Amino acid sequence: MTVASKTVSDVIHSHLGVLTRAEKQLAESLLDNYPVSGLGSITTIAENAGVSTPTVVRMVQKLGFKGYPDFQAHLHQEVEATISNPIAKHDRWAQNAPGTHILNRFADAIMGNLRQTLTDLDTATFDSVAALLSDRKRGLYFVGGRITGALAEYFFTHMQVIRPATTLLSSNSSSWPQYVLNMNAGDILIIFDIRRYEQEMVSLVTAARKRGAEIIVFTDQWGSPAAKLARHAFRVRIEAPSAWDSSVVTLFIVEALIEAVQNSTWDETKERMKTLEGLFEQTRLFRKPG
């Protein structure tokens, strides 16, 4: 099986259509509190799902694993990957680094990330998110973490030109309740959260959902806990030969969404751009050529 490029969750989802009723019951139990739900003994897993241990054995083999130990080994690798710090990531890549130039190694990794992300990405999900962001009756709120905050700000800056009612949340999580206070039913909260997930994000999403907000999450292939509460989630490949995760493919999706929203609302967007250019002219923000 090709588990190297897929998470166990991905594999389970892709096989749901061929599972028996008992196996589906087991699959749902595993996905409910993934990946923790799969880290116990085979007996515990079976009891929690209300199925027999032979059902567990049959399902993991149907998924393409050699047996339950192999299934659990992949889960443990995922857990280790999601909590890796930059030093551990660097050491792992350094041990396996080929003798080619870093530019080539990085390009190969990024192209692989892009191909796999596009393979997994549902175009209907992309179109649905673009439609939500284009709906000017909905307010948009953007937030990211320590690193991904830059992506949230980039997305916000472009959307602020395209349409009104856009807000960038402060990086100070203690101020988030004030932003939630202003959210109305149907507003959109866009979150960026990749591995070493930030604990406050789930609290923010929970509070926003109670206000009736829709949640869109940009995360990695393992999935932020906040993604479980989202209407839509983009699970992007982020591995790179570096101590840091790559944001290239996440930015690719963000820029594609910006274009999709801009294109669908071009008449209104063009007028806003003309007005903005006039304001730039008044403030002399940019130098004129010549």
Being in contact with a helix residue (DSSP H, G or I) (Cβ under 9 Å, 6 or more places away or on another chain) and at pLDDT below 90 is the filter here, so list the residues in region 120-151 that pass it.
Asp120
Out of Ala233, Ala260, report the one residue that is in a helix (DSSP H, G or I) and under 25 Å from Val129 (Cα atoms).
Ala260
List the helices (runs of 4 or more DSSP H) that sit entirely inside region 25-97 and contain at least 3 residues that are modelled with pLDDT of 80 or more.
42-49, 53-62, 68-82
Which is surrounded by 15 or more Cβ atoms within 10 Å (Cβ to Cβ) and more than 17 Å from Tyr154 (Cβ to Cβ), of Leu251, Leu229?
Leu229
Report, by residue number, each residue of region 205-223 that is in contact with a Lys or Arg (Cβ under 8 Å, 6 or more places away or on another chain) and either open to solvent by 20 Å² or more (accessible area, probe 1.4 Å) or not β-branched (Val, Ile, Thr) (or both).
Glu214, Asp220, Gln221, Trp222, Gly223
Considering only region 124-169, state which residues are open to solvent by less than 40 Å² (accessible area, probe 1.4 Å), over 16 Å from the mean Cα position of the chain (by Cα) and small (Gly, Ala, Ser).
Ser134, Gly139
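The values are calculated or read from the model by the stated rules, or taken from the named source; none is laboratory data. From a predicted model like this one, the values you see are computed outputs, not experimental measurements. Here the Cβ is made from the backbone with ideal geometry for all residues, glycine too, and neighbour counts use every protein chain on show. These area figures cover heavy atoms from the full protein model, side chains too; ligands, DNA and RNA do not enter into them. Shrake-Rupley method; radii C 1.70, N 1.55, O 1.52, S 1.80 Å.
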